[in-house]
Amino acid sequence: MANEIGSTSILDADEKIPIAQLSGVYKIFKQKKIEVMALRGIDLKIYPGELVVIMGPSGSGKTTLLNCLCGIERPNAGSVKIKGMEITKLRDEGIQKLLQEEIGIVFQSFNLIPSLTAAGNVELPMIVLGHLSKKDRRTRVEDLLTKVGLDHRLHHRPATLSGGEKQRLSIAMAFANDPALIIADEPTANVDSVSAESIMAVFKEFMASNPNKALLIVTHDPALRKIADYTLVIRDGQFVRKIESKADKGSRFDSESYNEDDFITDIDMARMDEKTTRIIQQKNYPYFKDVKICPNCHSMNILKKMDVSEPFCQIIDAKIIQRASIFCKECNELSFVTITAHDLNKVKIERMGFD
């Protein structure tokens with residue numbers, strides 16, 4: 001049975017022809033006598049102008065899905081189409097041409113050639129394809145590097161670039177041959193938060209200036225959800241959830257840090273919100289700093305913050321009791337827990353300047 005979360009009843013968007021389409025895709029790996037089903041009836045359509053994010057824990061099938069979509073892996077059953085063309089029956093030469101002309105890949109490990117400059121790395125895919133003259137290639141290289149903010153790094157080799165610059169260079173390489181579909185594999189995994197923001201800005205600009213193309217991002221980073229049209233959560237080779245785009249998506253989970261200003265802002269919003277309720281019955285809730293695991297899978301790989309979407313607040317024994325949001329990077333679940341936000345007696349002492 002096909003995976004219904006990815007079925008056409010949920011993912012169809014108008015009658016436009018999808019740039020990428022997977023229908024009933026199964027992939028089974030054999031390890032001696034053991035069979036592992038990596039994909040279980042995946043259905044997915046990605047239309048022109050769409051930016052789609054796929055999230056899931058390690059081993060959920062993300063990489064296998066990308067490999068099938070690119071033609072690197074052949075599914076055991078099902079159909080994979082790029083711009084209406086079935087690719088599961090293509091020979092190696094056909095897959096190579098597909099990757100050169102229609103699909104650009106942004107690799108997590110950058111995949112840059114150390115001996116070439118930034119300009120040389122971006123020009124190389126154009127040379128291999130052979131559609132542009134030398135003059136046109138140079139013009140396009142300069143244009144692409146300008147768009148990703150590396151126009152001042154044209155003649156620098158990868159070893160002299162930062163992690164964020166290497167990733168932006170990798171993005172420019174993926175754009176080189178003007179493909180219909182860009183696939184980004186963990187594009188922010190090896191960069192800092194500032195570089196991650198610049199990478200997201202590049203993707204947003206790309207989609208704004210190329211409405212007939214599509215972008216698929218596979219990631220563990222929940223911040224990327226805020227630039228997506230929708231996010232699909234994959235687990236055990238199946239789509240289990242679809243998260244629609246929201247204007248403030250990811251804003252509460254961009255950082256694990258939480259300071260006094262955040263605290264005061266969240267409490268003030270809680271007191272002013274009409275949904276503030278007095279539903280707390282017990283008193284022994286954990287402090288915010290002591291919440292360290294996901295309540296669903298018990299992973300410690302979490303992001304947490306005071307929740308302000310539907311806040312409630314109550315003062316009990318000079319302690320502020322409130323709700324916190326937890327996003328788990330392993331199971332991709334958003335949870336809410338009641339916590340002790342702060343001890344008011346301690347706040348008063350600290351603000352009076354006493355130890």
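Quick rundown of the values:
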{"read-out": "From Val308, Val291, residue being at pLDDT 70 or above and within 37 Å of the chain's Cα centre (by Cα)", "value": "Val291"}
{"read-out": "Near pairs, Cβ below 7 angstrom, 6+ apart or cross-chain, from the range 20-47 (on the phi < 0 side of the Ramachandran plot) to any residue that is acidic (Asp, Glu) and modelled with pLDDT of 90 or more", "value": "Leu22/Asp43; Ser23/Asp43; Lys27/Glu73"}
{"read-out": "Test: Leu124 is open to solvent by 50 Å² or more (accessible area, probe 1.4 Å), without any contact (Cβ under 8 Å) to a residue 12 or more places away in the chain, over 22 Å from Phe29 (Cβ atoms) and out of contact with any Phe, Trp or Tyr (no Cβ under 8 Å at 6 or more places or on another chain)", "value": "no"}
{"read-out": "Yes/no for Asp143 being farther than 19 Å from Ser115 by Cα, without any contact (Cβ under 8 Å) to a residue 12 or more places away in the chain and in a helix (DSSP H, G or I)", "value": "yes"}
{"read-out": "Residue selected from the range 221-242 under the condition under 23 Å from Ala196 (Cα atoms) and acidic (Asp, Glu), by the criterion surrounded by the most Cβ atoms within 10 Å (Cβ to Cβ)", "value": "Asp221"}
{"read-out": "Residue in the range 154-180 that is farthest from the chain's Cα centre (by Cα), counting only those that are of a type outside the set (A, V, I, L, M, F, W, C), open to solvent by 60 Å² or more (accessible area, probe 1.4 Å) and farther than 26 Å from Gln96 by Cβ", "value": "His155"}
{"read-out": "Among the candidates Ala174, Ala159, residue that is of a type in the set (Gly, Ala, Ser), part of a helix (DSSP H, G or I), within 17 Å of Thr188 (Cβ to Cβ) and at pLDDT below 95", "value": "Ala174"}
{"read-out": "Number of the exception - Val191 against (1) surrounded by fewer than 17 Cβ atoms within 10 Å (Cβ to Cβ); (2) at negative phi; (3) not basic (Lys, Arg)", "value": "(1)"}
{"read-out": "Residues (within 24 Å of the chain's Cα centre (by Cα), charged (D, E, K, R) and over 18 Å from Ala176 (Cβ atoms)) located in the range 62-110", "value": "Lys62, Glu73, Lys81, Lys83"}
{"read-out": "Residue within the range 127-134 that is part of a helix (DSSP H, G or I) and in contact (Cβ under 8 Å) with a residue 12 or more places away in the chain present", "value": "yes"}
{"read-out": "From the options Gly56, Gly84, residue that is touching a residue at least 60 places away in the same chain (Cβ under 8 Å), small (Gly, Ala, Ser), open to solvent by less than 10 Å² (accessible area, probe 1.4 Å) and within 29 Å of Arg225 (Cα to Cα)", "value": "Gly56"}
{"read-out": "Any hit, the range 32-43, residues being at pLDDT below 85 and more than 21 Å from Tyr230 (Cβ to Cβ)", "value": "yes"}
{"read-out": "Among the candidates Asp92, Asp136, Asp151, Asp143, residue that is touching a helix residue (DSSP H, G or I) at 6+ places or on another chain (Cβ under 6 Å) and surrounded by fewer than 16 Cβ atoms within 10 Å (Cβ to Cβ)", "value": "Asp151"}
{"read-out": "Subset of the range 86-110 (residues that are under 21 Å from Glu123 (Cβ atoms) and among the β-branched types (Val, Ile, Thr))", "value": "Ile103, Ile105, Val106"}
{"read-out": "Candidates Ser198, Ser245 - the one that is out of contact with any Cys (no Cβ under 8 Å at 6 or more places or on another chain), modelled with pLDDT of 85 or more, among the hydroxyl-bearing types (Ser, Thr, Tyr) and open to solvent by less than 70 Å² (accessible area, probe 1.4 Å)", "value": "Ser198"}
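The values are calculated or read from the model by the stated rules, or taken from the named source; none is laboratory data. Just so it is clear, the structure is predicted and the values come from calculations on it, not from any experiment. In this analysis, Cβ positions are derived from the backbone assuming ideal geometry, glycine residues included, and neighbour counts consider all displayed protein chains. SASA here: full protein model, heavy atoms, side chains in, ligands and nucleic acids out. Shrake-Rupley method; radii C 1.70, N 1.55, O 1.52, S 1.80 Å.
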